[in-house]
Amino acid sequence: MLVFDPDRRITVDEALNHPYLVSLHEINEEPTCPSPFYFDFEQSSLSEDDIKENIWTESLNFNPEEKI
C-alpha cells in the first residue's frame with residue numbers, strides 16, 4: 001500500500017477492501033469530502049535525491065539536534 005510511485009499504488013477502494021483494513025471499513029459510515037483533493041505535488045519534477053533532501057530538511061524542524 002505504501003509505494004513511492006503514485007502510478008504503482010493501489011486505489012482507495014482496493015486499500016479499503018484489503019484484508020488488513022477490511023475490519024476498519026464500514027460502508028455506511030464513510031465520510032465524504034465537499035470538494036476534490038488536488039495532489040499537484042505528485043506531478044512535480046523533483047528527482048529522488050531532491051525529495052530525500054526535502055524530507056531531511058523538513059525532519060530537522062522536528063529534530064533540530066540532528067543538524068550537521
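Toward the positive end of the charge dipole of segment 6-66, with +1 on the Cβ of Lys and Arg and -1 on the Cβ of Asp and Glu, the farthest Cα among Leu24, Asn54, Pro36 is that of Leu24. With respect to the chain, whose longest principal axis is taken over its alpha-carbon atoms, helix 48-62 is tilted by about 90°. Going from the residue with the fewest nearby Cβ atoms within 10 Å to the one with the most, Ile55, Ile27 rank Ile27, Ile55.
Determine the sum of side-chain charges near Asn17: Lys and Arg each +1, Asp and Glu each -1, restricted to other residues whose C-beta is under 15 angstrom from that of Asn17. Write out the running numbers ahead of the final one.
Details: positive: Arg9; negative: Asp13, Glu14, Glu26, Glu30.
After counting each charged neighbour, the total is -3.
What the phi angles of segment 31-41 give under the Karplus curve with 6.51, -1.76 and 1.60, with θ = phi - 60°, is a coupling list of x, 10, 10, x, 9, x, 8, 10, 10, 4, 4 Hz, glycine and proline written as x. For the chain, a crude dipole built from +1 on the beta carbon of Lys and Arg and -1 on the beta carbon of Asp and Glu, taken about the Cα centre, is about 80 debye to the nearest 20.
Shown here for the chain: GluC sites (Glu not before Pro) in loop regions (DSSP other than H, G, I, E, B) with at most 12 other Cβ atoms within 10 Å, namely Glu26. Can you list the trypsin sites (Lys or Arg not before Pro) in the chain that are in a DSSP coil and have 14 or fewer other beta carbons within 10 angstrom? Filter output for the chain: Arg9, Lys67. Out of [x] 125; [y] 72; [z] 163, which label holds the value of volume of the Cα convex hull per residue in Å³ that was computed here? After the calculation, the listed value that fits is [z].
Each reported figure results from applying straightforward, stated rules to the coordinates on display, with no laboratory input. Worth saying up front: this structure is predicted, and the values here are computed from it rather than measured. A quick note on method: Cβ atoms are made from the backbone with ideal geometry, for glycine too, and the neighbour counts reach across all protein chains shown.
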